[in-house]
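What follows is calculated from the coordinates using simple rules that are stated; it is not laboratory data. Note that the structure is predicted; figures quoted are calculated from it, not measured. Note that we place each Cβ from the backbone using ideal geometry, even for glycine, and neighbour counts take in every protein chain shown.
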Amino acid sequence: MRLKILLIAFCFGLQIFAIQPVMAKTWLFGAAACPPWKTAPNDPERTRNMAGACAKDIALFVEGFKTTFAVADDHIVTLVNEDATSEKVASAIAEIARKAQPEDRVLLYVNTHGGKIDALYKGYSAEDEIFAWYTKDEPKDFKKATGDGRWMTARAFRDQVNKIMAEEIITIIEACHASFSQQDFIDNVHNGMGGRGIDWPGREAIIFSSHAEQIANFTPDGTEALFTRTWHDELVQTDSGTLFESFEAARLKTHRAQRASCAEGKTHQDLLKDWASYRDLCTQMPTSWDPFGLLDDIVLP
């Protein structure tokens, strides 16, 4: 009788185990390139700070989201400077695509010098946002650099992310003129989202550190990306409720901090005199493309 009871209990235990839901995991991928040819004219200290910013920005990204979502170390992939080449970025994303399960969440962070240029995408000319991945020397022909793979169009990056089949995918683009690539993601609907099939139940959100006509600024000392630092602090220091509320607070703080920095010691007339620079440098406002409300539905622990 005792053996029979034990067997029943064991079978019941297996039954319970079998119906437990699979625990979703979070993956972090961060890549940042601060190439040696990018300098601040006549300002060696700022040039040194800019060169070191990428490592600090990746650390902020990892710390903020690892702490928030309790991400395991073996689910974090980072590439900085010499390791942040187009080839290595593509390889790392492909590896995450192979490992991430359908119920998982994937956060991708891109930090490069960027800008909208006439580029090559699949051999065709296309004006697009560019991710200037690490190269020892500045390419003489920017368009050719996108064609031979040294640099990457946002569209080409999007195509790589499309291979990820996780249920929740969030891409954060920390680059100047970042949202010039928004149309790439708006158009990313063919056979479902990103070619993943019409039955793919997942959702995707893109966060841009700046509008298409804006610079993505550093902190005043030039050591970190302003939006990255601001959102990190918002995540680890503030109870925001949802990921969207956290982002919303960070984007407003980024905008206000940059306006205040530009206005310090200047009159309104001073700012108007150099309107073109003010418009580009001082109005940074991060934005997002989140068509299905993914950021709203992620409750922060």
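The table that follows gives values for the structure above.
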{"item": "Burial ordering of Phe185, Phe142, Phe157, fewest other beta-carbon atoms within 10 Å first", "result": "Phe142, Phe185, Phe157"}
{"item": "For the chain, built as a Gaussian network whose Cα springs stay under 10 Å, the top-fluctuating residue of Lys99, Lys266, Lys163", "result": "Lys266"}
{"item": "Euclidean distance of C-alpha centroids, the range 182-232 and the range 249-293, integer Å", "result": "18 Å"}
{"item": "Antiparallel content of DSSP bridges confined to the chain, in %, to 5", "result": "40 percent"}
{"item": "Ratio Rg/Rh, restricted to the range 20-63 and using Cα atoms, in which Rh is the Kirkwood radius", "result": "1.31"}
{"item": "Amide H partners (placed H, <5 Å) of Ser288, local residues excluded", "result": "Phe208"}
{"item": "By average C-beta atoms within 10 angstrom, highest first, the peptides 247-256, 196-205, 36-45", "result": "247-256, 196-205, 36-45"}
{"item": "Cβ-based exposure ranking for Cys176, Cys262, in which fewest neighbours within 10 Å come first", "result": "Cys262, Cys176"}
{"item": "Hull-based mean projected area of the range 154-236, where the convex hull spans the alpha carbons, in square nanometres", "result": "6.3 nm²"}
{"item": "Axial C-alpha extent at least 15 Å, average Kyte-Doolittle at least 0.5 - helices from the chain (DSSP)", "result": "2-19"}
{"item": "Sites Leu252 and Ala40 - FRET efficiency at Förster radius 30 Å, r taken between beta-carbons, to 0.05", "result": "0.65"}
{"item": "Radius 12 Å from Cβ of Pro220, net charge of other residues (Lys, Arg +1; Asp, Glu -1)", "result": "-1"}
{"item": "Cα gyration tensor shape for the range 144-301, rounded if a/c is under 1.5, else prolate or oblate", "result": "oblate"}
{"item": "Rg(Cα) / (2.2 N^0.38 Å) computed for the chain, rounded to two decimals", "result": "1.13"}
{"item": "Theoretical FRET efficiency, 1/(1+(r/R0)^6), r = Cβ-Cβ of Thr47 and Asp148, R0 22 Å, to 0.05", "result": "0.20"}
{"item": "For Tyr121, residues with placed amide H under 5 Å, excluding near neighbours", "result": "Ala126"}
{"item": "Contour minus Cα-Cα distance for Arg98 and Lys140 (0.36 nm per residue)", "result": "11.6 nm"}
{"item": "Distance (nanometres) between label positions extended 7 Å along Cα→Cβ at His268 and Ala126", "result": "4.4 nm"}
{"item": "Proximal lysines relative to Lys140, as straight alpha-carbon distance under 26 Å, when same-chain residues fewer than 8 apart are discounted", "result": "Lys38, Lys88, Lys116, Lys122"}
